[in-house]
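Heads up, the thing below is written out as structure tokens.
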Amino acid sequence: MPTLTELLPLPVVQAPMAGGASGPALAAVVSGAGGLGFLAAGYKTPEAVRREIAEVRALTARPFGVNVFLPQPAADPAAVAAYAARLAPEADRYGTALGDPGAGDDDAYDAKVALLLADPVPVVSFTFGCPEPAVVEALRRAGTYTVVTVTSAAEAVAARRAGADAVCAQGTEAGAHQGRHHDDPGRDATATTLQALLPAVREAAGLPVIAAGGIMDGRGIAAVLAAGAEAAQLGTAFLATAESGAHPLHKRALTDPGYDRTELTRAFSGRPARGLVNRFLREHGPAAPAAYPAVHHLTSPLRKAAAAAGDTEAMALWAGQGHRLARELPAAELVRVLAAELAEARGARTPGRAR
């Protein structure tokens, strides 16, 4: 089994961003440039994941990863129904119907694990929970390096006990969903910053740590490496690249002066996720229940209709706290810039580009 350092010529991991941003083009380019590109299996069928894996392999021989969502508990039907009633005027506004909140809670988890065991990839990461030790061991026997997203020291301990090879410590600064293992609404106001989380996770896990949350440039990467991480995971930084599958309106909003704040909200999905503050987030966030992925399915047609209408005020504009530092560059060039900035921050020459 290779080490994390051996998998990464550069300590740069492209975050797996579900919903279309992290496709084969982005993952392959980042890996080819010396980082670790990731596909997001979330919200996709197993067959779609299979096709994307094949596309990445056709584009690069470098290691890459696939991120998998853990199954979620069933939501309270009454809470979901009340939120649906609240959103009915939004559906009328955009000329669409609300989605089916019962579209599924497990995201085809078992089928995706079976796919990754039958056709192994170099790295598999898990979000929204910790896989069973038997799953981790099966992936290890298949030659796959495993990573578990954690947001607390207790979750890091769970990942170690499950046999994970590494953890991804996600601070509250991170864009999109917080990868908590259990969605406790009581934690919404006490989410931990990366600066505080990183040393706690390092001590608790005793495993290699990938640091995530608000990292946008080489100086940020250097800071987490100095704090003991072995790599940095960047999502928002890659969201604006040419290869990102994010909607053009979403990309532009990252640096739009009109969107100057981010907040954690349940408005769009029922789970805490950091996005640019817009009308939908302000009006519906306080009322949104802890009901993921039911709320995600419920609001999906609304978000798509808003995007089609060119209205960013009802789109889920996921973004980390450093979003204003996003750079509209080709992904390979961004990796090279990050490497140069990292080298400058560490007082060393720029590492060579992987082939």
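Here are the numbers:
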{"read-out": "J(HN,Hα) series, segment 175-180, from Karplus relation 6.51 cos²θ - 1.76 cosθ + 1.60, nearest Hz, glycine and proline x", "value": "x, 6, 6, 6, x, 3"}
{"read-out": "In order through segment 143-150: 3J(HN,Hα) via Karplus (6.51 cos²θ - 1.76 cosθ + 1.60), integer Hz, x for Gly, Pro", "value": "x, 9, 7, 10, 10, 10, 6, 9"}
{"read-out": "Within-12-Å neighbourhood charge of T262 [Cβ basis; K, R +1; D, E -1]", "value": "0"}
{"read-out": "Top of V157, V335, V209 by mean-square fluctuation, Gaussian network on the chain, Cα under 10 Å", "value": "V157"}
{"read-out": "Net lengthening on full extension, R282/A118 (0.36 nm per residue, minus Cα-Cα)", "value": "54.6 nm"}
{"read-out": "Dipole axis of the chain (+1 Lys, Arg; -1 Asp, Glu on Cβ), positive-most option in P289, T45, P89", "value": "T45"}
{"read-out": "Gyration tensor verdict on segment 1-70 (Cα atoms; rounded if a/c is under 1.5, prolate if a/b is larger than b/c, oblate otherwise)", "value": "prolate"}
{"read-out": "Dipole in debye (nearest 20) - the chain, about Cα centre, beta carbon charges: Lys, Arg +1; Asp, Glu -1", "value": "700 debye"}
{"read-out": "Nonlocal amide H pairs with Y145, under 5 Å, H built at 1.01 Å", "value": "V123, V124"}
{"read-out": "Three-way shape label, segment 275-355, alpha-carbon gyration tensor, a/c 1.5", "value": "prolate"}
{"read-out": "Estimated FRET transfer efficiency when R0 is 22 angstrom, pair A200-R140 (beta carbons, to 0.05)", "value": "0.30"}
{"read-out": "Segment R324-A111, length gained on full extension (0.36 nm per residue, minus Cα span)", "value": "72.8 nm"}
{"read-out": "Mean ellipticity per residue at 222 nm, deg cm²/dmol - from DSSP H runs of n ≥ 4 across the chain, formula -39500 (n - 2.57)", "value": "-12000 deg cm²/dmol"}
{"read-out": "Shape of segment 253-318, Cα gyration tensor, a/c cut at 1.5", "value": "oblate"}
{"read-out": "Partners for K112 among lysines (Cα-Cα distance below 18 Å; same-chain residues under 8 apart left out)", "value": "K44"}
{"read-out": "Computed lengthening from A48 to A82, 0.36 nm per intervening residue step minus Cα-Cα distance", "value": "8.9 nm"}
{"read-out": "Fluctuation leader among L338, L325, L302 - the chain, Gaussian network, Cα springs under 10 angstrom", "value": "L325"}
{"read-out": "Set of segment 212-234 residues, backbone N closer than 13 Å to the point 7 Å along the Cα-Cβ line of R346", "value": "218-232"}
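Every number here is computed from the coordinates shown, using simple stated rules; none is lab data. Computed from a predicted model, the values in this text were never measured in an experiment. Don't worry about glycine lacking a Cβ; one is built from the backbone with ideal geometry, like all the others, and counts go over all protein chains shown.
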